[in-house]
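Everything below concerns the one structure shown next.
The values are calculated or read from the model by the stated rules, or taken from the named source; none is laboratory data. Just so it is clear, the model here is predicted, and its values are computed rather than measured. Virtual Cβ from ideal backbone geometry, glycine too; neighbours counted across all protein chains shown.
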Amino acid sequence: MKTLKFRPELARMILAGTKTTTWRLFDDKDLQAGDRVELINKETGEVFGVAVLEEVVLKPLRDLDDHDWEGHERFPSEEAMYAKYREYYPGREIGPETMVKILHFSRASG
């Protein structure tokens, strides 16, 4: 089964039901709609759930729209967003042209 790792604060948001979308840059797992994925706490390695990818969209960061933000945490500015993703993907150049894979998911049992 494919996996998605989340920092603890984002794992808590998923468990609370407030986070239902995640964005991934440089997808090396070929994530597709319909995939079942294990949700893993990045710090502890603990599997905290299973989700189904309901919708998957690929587009440049500059083209994000309201639907892409549904169920996703907000950033105070575009530059803050780019800085956060540079933290997640060290050594990578990230800006408006960077492609993002938007994953809308629902939690599943088992």
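Below are the figures for this structure:
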| read-out | value |
| --- | --- |
| Tally, over the range 8-37, of residues that are within 14 Å of His72 (Cα to Cα), without any contact (Cβ under 8 Å) to a residue 40 or more places away in the chain and surrounded by 12 or more Cβ atoms within 10 Å (Cβ to Cβ) | 3 |
| Odd one out for Asp65, checked against (1) among the acidic types (Asp, Glu); (2) touching a residue at least 24 places away in the same chain (Cβ under 8 Å); (3) out of contact with any helix residue (DSSP H, G or I) (no Cβ under 8 Å at 6 or more places or on another chain) | (2) |
| Check on Ile40, free of Cβ contacts under 8 Å to residues at least 60 places away in the same chain, under 19 Å from Ala108 (Cα atoms) and outside any loop (DSSP other than H, G, I, E, B) | yes |
| Count of the range 52-72 residues which are part of a loop (DSSP other than H, G, I, E, B) and either surrounded by fewer than 11 Cβ atoms within 10 Å (Cβ to Cβ) or modelled with pLDDT under 95 (or both) | 1 |
| Checklist (1) modelled with pLDDT of 95 or more; (2) in a helix (DSSP H, G or I); (3) touching a Phe, Trp or Tyr at 6+ places or on another chain (Cβ under 9 Å) applied to Lys84, failing item | (1) |
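To keep it simple, each residue is scored yes or no on (1) in contact with a Leu (Cβ under 8 Å, 6 or more places away or on another chain); (2) farther than 19 Å from Lys59 by Cα; (3) of a type outside the set (Val, Ile, Thr).
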site	(1), (2), (3)
His72	no, no, yes
Pro76	no, yes, yes
Glu79	no, no, yes
Tyr85	yes, no, yes
Gly91	no, yes, yes
Thr98	yes, no, no
Lys101	yes, no, yes
His104	yes, no, yes
Ala108	no, yes, yes
